[in-house]
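Comments concern the structure below.
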Amino acid sequence: MSPVRKAIAALAVLVGLGVLALVTIVAPIVDRRMNSVIPGAAPPPGDDARALHRGATVVDLHADALLWPRDLNDRHRHGHVDLPRLQDGNVAVQVFSVVTKTPRGINYERNTGETDNITLLAIAERYPVRAWWSLRERALYQAGRLREMAARSRGSLRVLETTNDLEVLLADRAGGTAITGGILATEGLHPIEGSVATLDTLVGAGYRIFGLTHFFDNDVGGSAHGVSRGGLTPLGTAVVQRAHALGAILDLAHASHSLFTDVLRGTTGPVMVSHTGVQGTCPGPRNLSDEQLRAIAARGGLVGIGIWDGAICEVTPASFARAVRHALEVGGDDYVALGSDFDGATRTPIDVSGLAALTEALLNEGLSRTQVRKVLGENAVAFFRRHLPPRL
Ligand SMILES: [Zn+2]
């Protein structure tokens with residue numbers, strides 16, 4: 001072998017070792033650091049709350065668990081979500097939101113889409129090469145990953161695409177089967193890469209909920225954390241129309257105020273805000289005003305309240321319960337739900353196995369048992385019954 005070839009071979013080995021180090025060491029460290037539970041933030045719930053929680057249908061509208069190097073079939077001691085812990089938390093339905101691009105130096109005030117943290121994570125997690133640079137391919141890969149994990153789950157995870165899937169799941173759970181249903185959602189529609197037709201591809205891959213923007217303005221519309229604070233672009237208007245024709249649900253979490261208003265004006269289709277806080281208890285750039293809460297409630301939408309600092313300021317179950325009570329007082333009992341933002345680079349008072357602590361906090365906040373059951377999942381189930389397609 002010539003010296004040049006030797007050098008190239010040595011370099012290839014070094015690069016290979018570097019990638020291996022990223023895969024085996026760096027990505028799990030990032031996961032551990034980014035998705036943590038605050039020790040002692042949630043006291044263990046009492047018997048009454050546990051019993052109520054056990055008997056409730058629990059739905060969480062938002063977790064980014066697919067982003068991390070974790071086989072969800074295995075129980076982990078880090079991060080927030082995996083299948084054994086979803087069962088411990090009695091979760092019937094978990095929405096798995098898919099993150100495809102986040103800016104470096106991410107913050108709530110001002111981000112551009114010029115940089116991307118996910119490229120390195122995608123390489124470290126051994127995404128196929130086509131998904132290293134294409135956001136569309138990242139979304140398709142992550143959807144495939146959920147299906148692949150469901151196929152290996154021995155019946156404890158099923159991807160839900162239709163109301164029929166939902167009814168079968170609820171019946172199976174009522175019959176004692178330990179199973180969680182997963183619904184796919186996007187965090188931002190930058191994965192359509194400028195083409196409305198990609199929406200059809202994403203629906204074909206199983207996506208049922210489309211978040212329009214994430215942390216930066218994209219070619220669909222303005223983010224609450226972007227630069228322009230703009231509304232729907234012409235492409236965004238076409239996207240909203242196509243989503244409605246496809247029977248998809250739109251998610252206005254992370255939307256700028258103008259985008260929120262434009263979407264509510266621009267479609268009669270189903271709308272949710274999957275993970276948020278409320279200005280009434282925690283002012284901040286990504287939390288909903290009373291006017292926005294009323295607007296979502298008035299059109300039969302859904303608002304998921306989160307459990308991280310950006311949503312509830314003080315990261316405790318009691319603070320979550322105060323936000324829920326505020327939302328109920330503003331818009332009524334039928335539109336409030338849980339939208340944890342587990343695994344969304346968040347610090348939370350519990351992981352998903354500890355959700356009964358939220359049930360106790362809601363009871364302590366003075367909610368009736370009927371209201372608690374609605375917030376834990378009945379409102380979300382009613383929404384999905386109305387808005388998932390009936391059959392494929
Ligand atoms: Zn988010």
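Could you grab the pairs with beta carbons closer than 8 Å, sequence gap of 6+ or different chains, first residue in region 134-153 and under 19 Å from residue 81 (Cβ atoms) and open to solvent by 20 Å² or more (accessible area, probe 1.4 Å), second one modelled with pLDDT under 95 and not in a helix (DSSP H, G or I)? Sorted first by the residue in region 134-153, then by its partner, the pairs are 141/127; 141/128. If only one of 310, 344 is closer than 20 Å to residue 65 by Cβ and not in a loop (DSSP other than H, G, I, E, B), which one is it? Being closer than 20 Å to residue 65 by Cβ and not in a loop (DSSP other than H, G, I, E, B) holds for just one of 310, 344, which is 310.
For the condition over 30 Å from residue 195 (Cβ atoms) and under 17 Å from the mean Cα position of the chain (by Cα), what is the one hit in 146, 140, 170, 157?
Details: 146 fails: over 30 Å from residue 195 (Cβ atoms); 140 fails: over 30 Å from residue 195 (Cβ atoms); 170 fails: under 17 Å from the mean Cα position of the chain (by Cα).
Exactly one of 146, 140, 170, 157 is over 30 Å from residue 195 (Cβ atoms) and under 17 Å from the mean Cα position of the chain (by Cα), namely 157.
Scan region 242-267 and report the pairs whose first residue is of a type in the set (D, E, K, R) and whose second residue is within 16 Å of the ligand (Cβ to nearest atom), with Cβ atoms within less than 7 Å and a gap of 6+ or a chain change. That search, which allows pairs on different chains as well, returns 251/185; 251/209; 251/210; 251/211; 251/272; 251/273; 251/274. Is it the case that some residue within region 10-29 is in a loop (DSSP other than H, G, I, E, B) and without any contact (Cβ under 8 Å) to a residue 24 or more places away in the chain? No, every residue in region 10-29 fails to be in a loop (DSSP other than H, G, I, E, B) and without any contact (Cβ under 8 Å) to a residue 24 or more places away in the chain. The sole residue among 376, 392 that is closer than 28 Å to residue 184 by Cβ, open to solvent by 40 Å² or more (accessible area, probe 1.4 Å), among the hydrophobic types (A, V, I, L, M, F, W, C) and away from the ligand (no atom under 16 Å from the Cβ) is 392.
For region 316-361, the tally of residues that are open to solvent by 20 Å² or more (accessible area, probe 1.4 Å) and within 16 Å of the ligand (Cβ to nearest atom) stands at 3.
Against the numbered list (1) open to solvent by 10 Å² or more (accessible area, probe 1.4 Å); (2) in a loop (DSSP other than H, G, I, E, B), residue 292 comes up short only at (2).
The values are calculated or read from the model by the stated rules, or taken from the named source; none is laboratory data. Computed from a prediction, not measured in an experiment: that's the story for all the values here. Positions of Cβ are generated from backbone atoms using ideal geometry, with glycine treated the same way; all protein chains shown enter the neighbour counts. Accessible surface areas use protein heavy atoms only, side chains included; no ligands, DNA or RNA. Shrake-Rupley method; radii C 1.70, N 1.55, O 1.52, S 1.80 Å.
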